[in-house]
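The values are calculated or read from the model by the stated rules, or taken from the named source; none is laboratory data. Only a predicted model underlies this, so the values are computations on that prediction, with no experimental measurement involved. With ideal geometry, Cβ positions are generated from the backbone for all residues, glycine too; neighbour counts draw on all protein chains shown. Heavy atoms of the whole protein, side chains included, go into the accessibility calculation; ligands, DNA and RNA do not. Shrake-Rupley method; radii C 1.70, N 1.55, O 1.52, S 1.80 Å.
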There are 2 protein chains.
Amino acid sequence: MRVKVHVSLKPGVLDPQGKAVGDALGRLGFGEVGGVRVGKTIELELKDGLSRADAEKRVKEMCETLLANTVVERYSIELA
Amino acid sequence: MRVKVHVSLKPGVLDPQGKAVGDALGRLGFGEVGGVRVGKTIELELKDGLSRADAEKRVKEMCETLLANTVVERYSIELA
């Protein structure tokens, strides 16, 4: 089973990488760009035999343990 | 207008960050995880007044110029 985890900074948390990308786009002539935020997408391949409910539960544990820093980041889980 | 750009490594390109995450998950007891790939999601806020077609064309230019390294990465554009 293939699972996608989207991790992004919570609203209000400063995003220096996004700021740098936005500034660079402005310098390159893309003046129509307002804000930019950069997040991560983690694609996991899970071994077969897990139910969808179990897979979601386990991936949630992975997010809380390692994949996201829940102080400043939020995540969403997308089962394929 | 809000636009999401997903950037990921092309299949076959080594992903050391994904490998590190996969190894760490294994050590943490998540043995059901096979492969892991890590990509980026870039959320852009575009100023109003652009048509959807123009927005897609401009964001494609941004991807080719700055956001993705098309030698080793592929991207997809999602208009909100």
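Things to note:
- Filtered residue count, region A:25-53, keeping only those that are among the hydroxyl-bearing types (S, T, Y) and touching a strand residue (DSSP E or B) at 6+ places or on another chain (Cβ under 9 Å): 1
- Taken as a whole, the structure leaves B:V71 outside the set of residues that are open to solvent by less than 50 Å² (accessible area, probe 1.4 Å) and not basic (K, R).
- Residue in region B:58-65 that is open to solvent by less than 70 Å² (accessible area, probe 1.4 Å) and of a type in the set (S, T, N, Q) present: no
- Filter result for the condition that a residue is away from every other protein chain (no Cβ under 12 Å) and more than 17 Å from the chain's Cα centre (by Cα), over B:R52, B:R74: B:R52
- Residue, farthest from the chain's Cα centre (by Cα), within region A:11-33, restricted to residues that are touching a residue at least 12 places away in the same chain (Cβ under 8 Å) and open to solvent by less than 70 Å² (accessible area, probe 1.4 Å): A:G22
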